[in-house]
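Novice: The structure that follows is given in the form of structure tokens.
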Amino acid sequence: MTKLLRFSAFTVAISYVLVSLVVLAAFATPLWYAWRETVQEDRAHILRADMYRLRKIFNEQGVDALTSAIDVEVGSKARSAEDLLIFTDPQGNKIAGNLAAWPAGVTNAPGIHNLSFEVDGEVTRVAVLYVALHGGYNLLVANNIEKYRQLEQLFLLGLGLATGIVVLLGVAGGMFVRRTLLAKVKDINQAAAAIMAGNFSHRLPHNSGESELDSLVATENRMLEQIEQLIGSVRNVSNSIAHDLRTPLAELRSRLEELTLTQPDPVHTFNEIDGAIADVDRVIDIFNALLRLAEIDSGARRAGFVELDLAQVAGDVVEFYQPLAESQGRRLSFQSQGPLMMAGDPVLLAQAIGNLIDNALKFCQLHGVIAVNAIRHAEELIEISVADDGPGISHGEKKKVFDRFYRGDTSRGTPGVGLGLSLVAAVVKLHRGTLELRDNHPGLKVSMRINP
């Protein structure tokens, strides 16, 4: 029983029942009060009207006229069962009426009073109105209210039945919801167990409905797809790291082994040592790039954002690469629409722009042109674009080039490990922007779009 009470669906059902009972009580209470007030008001109005009419007859026509009027009243079949009358002389002797004697408990207090006394051998609940007439005569008008009690009992019975129906439906609904949810939870648990066992392609059962549970399952499935992609990316990155580290490490080992075996002259030895240092630097560069990507992905660098002019940052990077471009016989141009103020990390943004320019220099045609533009769109969007006239990237590869360690066919034979565009994409994402690749006809145009 304790386990059942802890179950959320059953708790919801009990809460629903309690709320329904409160609503039922809130509806029935004013209805009951209004009904009782209306009945009492109507009963009082009838008693006062009868009393006023009979007292008027007495005052205007005397004892005999009132006696005759009462005899007519109590002789009516329609009134004999409900209205009770008694008219007595100053000594308390009955003159007329359908009560055998003056009832005990009747006081001289003004107003209408509810009393119980014997009528036709049965104790009856009545509402009485007493008035003292001239000359010491007494008149009592009473109304049988037992019929109203029966109506009250019927009302209470109906209210009790409604309460029972609400409770039964609430309990039945709770059990149904509990059974339905437990069945779905069981399916989810089985699917989760399969996923925990290593089957990341498994998905939670989904009925494509619009219920809250179906929406939750759909969200969980999308999360599982993302996890599967991340795990696949981790595996690919691990394989790529192993592959890209194997080459410089193998070259390093080969150099050292050759030095050990051949023991060449000092000049050749120092040349090989310089090559070994270059191999170690390549390995360090890979790890530094991975560490920067991990730091960017964690969002830790966002704490160091400062107000900066992105156009000035891009201009400084272009100026830094200008001698390299001239030495390669390529033209590197820069255009800006003025200051482009935003909050960001100047070091990361400069490195991202530098990576784009470095890629453009690798693939640009001999004596080609590389254009760097910094503009602000009408919707306050800042765009830094780098365009070249090289071979470009095929449509099928545009989504892959952002993967870490991915290198396309045009990258074969060029230095690098395939982390440049990954780093650029991570920096743009850190600044809540997007990175777009478009054809430049010929070549490629890469745009960093940031909404400051």
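Novice: List pairs: first residue in the range 262-273 and loosely packed, with under 10 Cβ neighbours inside 10 Å, second residue of a type in the set (Lys, Arg) anywhere in the structure, Cβ distance under 8 angstrom, at least six positions apart or on different chains.
Specialist: none
Conditions (1) over 20 Å from GLY354 (Cα atoms); (2) surrounded by 15 or more Cβ atoms within 10 Å (Cβ to Cβ); (3) at pLDDT 70 or above, marked per residue:
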residue	(1), (2), (3)
ALA278	yes, no, yes
VAL283	yes, yes, yes
ILE286	no, yes, no
ARG292	no, yes, no
ASP297	no, no, no
ALA300	yes, no, no
LEU310	no, yes, yes
GLU319	no, no, yes
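Novice: Could you please find all residues in the range 378-397 being out of contact with any Phe, Trp or Tyr (no Cβ under 9 Å at 6 or more places or on another chain) and open to solvent by 50 Å² or more (accessible area, probe 1.4 Å)?
Specialist: Matches in the range 378-397: ALA378, GLU379, GLU380, SER394, HIS395, GLY396.
Novice: Okay, next question. Which of the residues that make up the range 321-343 are buried (at least 16 other Cβ atoms within 10 Å of the Cβ) and at pLDDT below 85?
Specialist: Answer for the range 321-343, where residues must be buried (at least 16 other Cβ atoms within 10 Å of the Cβ) and at pLDDT below 85: there is none.
Novice: Looking only at the range 363-385, which residues are among the charged types (D, E, K, R) and closer than 20 Å to ASP316 by Cα?
Specialist: Correct list: ARG376, GLU383.
Novice: Please enumerate the residues belonging to the range 239-256 that are surrounded by 13 or more Cβ atoms within 10 Å (Cβ to Cβ), of a type in the set (A, V, I, L, M, F, W, C) and at pLDDT below 70.
Specialist: Listed by number, the residues that qualify are ILE241, LEU245.
Novice: When the residues of the range 86-101 are filtered to those that are part of a strand (DSSP E or B) and more than 15 Å from ALA142 (Cα to Cα), which remaining residue is least open to solvent (accessible area, probe 1.4 Å)?
Specialist: In this case the residue turns out to be ILE95.
Novice: Additional query: Cβ-Cβ below 7 Å, separation at least six or inter-chain, first residue in the range 192-208 and under 25 Å from THR180 (Cβ atoms), second at pLDDT 70 or above and assigned to a loop (DSSP other than H, G, I, E, B): which pairs?
Specialist: ALA194/HIS202; ILE195/HIS202
Novice: How many residues are open to solvent by less than 40 Å² (accessible area, probe 1.4 Å), touching a helix residue (DSSP H, G or I) at 6+ places or on another chain (Cβ under 8 Å) and under 17 Å from ALA25 (Cα atoms) when one looks only at the range 158-175?
Specialist: 3
Novice: Hey, another quick one. Hey, GLU122 hits all of (1) open to solvent by 60 Å² or more (accessible area, probe 1.4 Å); (2) under 29 Å from the mean Cα position of the chain (by Cα) but one; which does it fall short on?
Specialist: Unmet for GLU122, out of (1) open to solvent by 60 Å² or more (accessible area, probe 1.4 Å); (2) under 29 Å from the mean Cα position of the chain (by Cα): (2).
Novice: Continuing with the same structure: Only residues that are open to solvent by less than 50 Å² (accessible area, probe 1.4 Å), of a type outside the set (D, E, K, R) and either at pLDDT 75 or above or assigned to a helix (DSSP H, G or I) (or both): list them for the range 50-82, please.
Specialist: MET51, LEU54, ILE57, PHE58, GLY62, VAL63, ALA65, LEU66, THR67, ALA69, ILE70, VAL74 - these are the residues of the range 50-82 that are open to solvent by less than 50 Å² (accessible area, probe 1.4 Å), of a type outside the set (D, E, K, R) and either at pLDDT 75 or above or assigned to a helix (DSSP H, G or I) (or both).
Novice: For the range 342-374, give me the residue count where each residue is under 43 Å from the mean Cα position of the chain (by Cα) and in contact (Cβ under 8 Å) with a residue 40 or more places away in the chain.
Specialist: Looking only at that region, the number is 13.
The values are calculated or read from the model by the stated rules, or taken from the named source; none is laboratory data. Keep in mind that this is a model prediction, so the values were computed, not measured. Positions of Cβ are backbone-derived with ideal geometry, glycine not excepted, and every protein chain shown enters the neighbour counts. These accessible areas exclude ligands, DNA and RNA; they are computed on the full protein's heavy atoms, side chains included. Shrake-Rupley method; radii C 1.70, N 1.55, O 1.52, S 1.80 Å.
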